[in-house]
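As structure tokens, the structure follows; a few thoughts come after it.
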Amino acid sequence: MFNKNKKNAPAEVSNEQYSLNDDRRVKVLSPSALVAKRFFRNRLAVIGLIMILSMAVFSYIGGMIIPYGQAEQFYHYTPLKKEYVGVTRNDSLRYATAPDKEFGSILQSQFLLAQVKGTDTFEHNGESYSFVKEADDFYSIYSADGSIVAIAYKDIVNAADNMPEPSFTVKYESLKAYTNGETAFTADGTDYTLDEDGNILENGTEIGYISRFVVSPKQNGVTITRDFKERLEEALEDNINSFTYTDVDGVEYTYSVSYDASSMVWSVQQSEDTYVYDTYSKPSLEHPLGTDANGMDMLTRLMYGGRVSLYIGFVVVFIETFLGVIMGGISGYFGGWVDNLIMRLVDIFYCIPSMPVIIILGATMDNLQVDPQIRMIYLMLILGFLGWAGIARLVRGQILSLREQEFMMATEAGGISVSRRIFKHLIPNVIPQLIVTCTMSLGSTIITEATLSFLGLGVKFPFASWGNIISDVNNSFVMTNYWFIWIPAGICLLITVLGFNFVGDGLRDAFDPKMKR
């Protein structure tokens, strides 16, 4: 009995009904959700998206967090050596001419020739001259009437600090007394004394001194004091290569001395702590990626450079897309002579050598000294204007196939305007292909901008871009010794462009489910 009832019982499962709001009903995804699902299943596409987002966070958020500005320069004190004076030991005869007398180079040659011949007289232009050897390195030269014309000497009479140049008579009498070992002499009616160091004193006041060394300043406005000359002579006599000296202002400097055998001149360089750019400093806590040639923080420049590179890339692609959609949409919808005209215009843009044109325009802006910010706007406009042809051809091809379908016939029958047919019904159906193309174009645009900036034709100082950061490696010494200048910028450029390429490939596969990898 029990089995019979069981057999005749109605089948509850087969009669169970499903409602539309039942959780067990089949879920249907929208087209955009299907595209997103296929996109996020692509591991490379997800990796590319992460790479792009990381570079965007690094560039925009990092630039807001870091305390430095993109054009902020850093300085430090460093000892710099500069040519201060040149020193020679006077081992050849010099000449001083008496007032109102002449003793030029020809007479000097005749005097030397007479010495070689062993005579004490010589003639020139019918006039006779004689000379007296006062000492081994000192001669007095007289005219025929017995008046002194000039003196020839190796020991040099120098004026003391803040004193006028000694007269010819003082030079003559002081050298005569010095070479003869005398301690006093009279010149121009004034009595002078000579001490053992060769100092010339007038009433106890030093007016000059005698020395074999000639010290010549290497810079304008440099006054060489007697005290410095004496300190320098001591260093030369003791064969010391470096010494310190405190000037009249109480500032101590270090001087290095080097001898050039070919010119027989001692070069004296002054070492001074100078406030200069902190150029090419190594990575540190203060500057994690060091500094560049202008003393700017490299990490900050990288962040702001990422902003500029991404900004230029998006703006250029927007301009290309805007022009390409309008021209391609009109060409594909109307066809006929309009299509032929626009396509011939596209062919012309395909034939334009973009890089030479950009180089010429960049050089023109350099010559006109265009403001860096205005120059960046011009660069984006030029790149966008030269790159719309490819997008126009893509849009035109898609619209040619879409305009004959039933939904377009319905829009025409409904009396919808031409502009709405193109931009409300045709263009939205081309957007998937546009997204893929624009994503792929972003990477190539960033590379183009980097190339132009590397060549000095793109973004200019003080603005930073990854391209003009890498331009520092046009110096082989920088490339081999300062890796932190160009390798980080190259890595950022690689990550960004590779990320856009991965995302572009992922979007292409997601929009076209027939694509299999």
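The values are calculated or read from the model by the stated rules, or taken from the named source; none is laboratory data. Predicted, not measured: the structure shown is a model, and the values here were computed from it. Please note: Cβ atoms are built from the backbone with ideal geometry, for glycine as well, and neighbour counts cover all protein chains shown. Note: accessible area is taken over every heavy atom of the protein model, side chains too, but ligands, DNA and RNA are not part of it. Shrake-Rupley method; radii C 1.70, N 1.55, O 1.52, S 1.80 Å.
Only helices (runs of 4 or more DSSP H) whose full extent lies in the stretch 457-517 are considered here, and the ones with at least 1 residues that are buried (at least 24 other Cβ atoms within 10 Å of the Cβ) are 466-470, 483-511. None of Ala184, Ala144, Ala160 is in contact with a helix residue (DSSP H, G or I) (Cβ under 8 Å, 6 or more places away or on another chain) and open to solvent by 40 Å² or more (accessible area, probe 1.4 Å) except Ala184.
The listed residues are Val370, Val430, Val436, and the only one of them that is open to solvent by less than 60 Å² (accessible area, probe 1.4 Å) and without any contact (Cβ under 8 Å) to a residue 24 or more places away in the chain turns out to be Val370. Of all residue pairs spaced 6 or more apart or on separate chains, those with beta-carbon atoms under 9 Å, a first member in the stretch 314-338 that is without any contact (Cβ under 8 Å) to a residue 24 or more places away in the chain and a second member that is among the hydroxyl-bearing types (Ser, Thr, Tyr) are Val338/Ser331.
Being open to solvent by less than 70 Å² (accessible area, probe 1.4 Å) and in contact (Cβ under 8 Å) with a residue 24 or more places away in the chain is a property that holds for Val265.
So in the stretch 220-258, with the set limited to residues that are under 23 Å from Ile210 (Cβ atoms) and within 35 Å of the chain's Cα centre (by Cα), which one is least open to solvent (accessible area, probe 1.4 Å)? Per the stated criteria, the residue is Val257. In the stretch 28-37, which residue that is open to solvent by 80 Å² or more (accessible area, probe 1.4 Å) and not aliphatic (A, V, I, L, M) is modelled with the lowest pLDDT? Within the stretch 28-37, the match that is modelled with the lowest pLDDT is Pro31. Scanning the stretch 271-281 for residues that are closer than 23 Å to Thr480 by Cα and either at pLDDT 90 or above or among the polar types (S, T, N, Q) (or both) yields Thr279, Ser281. With respect to the conditions (1) over 22 Å from Ser105 (Cα atoms); (2) not in a strand (DSSP E or B), Gly208 falls short on a single one, namely (2). Scanning the stretch 282-317 for residues that are in contact with a strand residue (DSSP E or B) (Cβ under 7 Å, 6 or more places away or on another chain), open to solvent by less than 20 Å² (accessible area, probe 1.4 Å), part of a loop (DSSP other than H, G, I, E, B) and on the phi < 0 side of the Ramachandran plot turns up just one, His287.
Taking the numbered list (1) in contact with a strand residue (DSSP E or B) (Cβ under 8 Å, 6 or more places away or on another chain); (2) modelled with pLDDT of 90 or more; (3) open to solvent by less than 60 Å² (accessible area, probe 1.4 Å); (4) among the hydrophobic types (A, V, I, L, M, F, W, C) in turn, Ala71 passes all entries but (2). Do any residues in the stretch 33-45 that are more than 11 Å from Gly504 (Cα to Cα) have Cβ atoms under 6 Å from those of residues that are of a type in the set (Gly, Ala, Ser) and open to solvent by less than 90 Å² (accessible area, probe 1.4 Å), where the two are at least six apart or on different chains, and which pairs are they? Cβ pairs passing all conditions: Val35/Ala510; Arg38/Ala510; Asn42/Gly506.
Can you name every one of the strands (runs of 3 or more DSSP E) wholly within the stretch 99-184 that holds 2 or more residues which are charged (D, E, K, R) and farther than 30 Å from Asn203 by Cβ?
Strands (runs of 3 or more DSSP E) meeting the threshold: 127-135.
Quick check: is even one residue across the stretch 78-85 surrounded by fewer than 14 Cβ atoms within 10 Å (Cβ to Cβ), assigned to a helix (DSSP H, G or I), modelled with pLDDT under 90 and hydrophobic (A, V, I, L, M, F, W, C)? No, the stretch 78-85 has no match at all.
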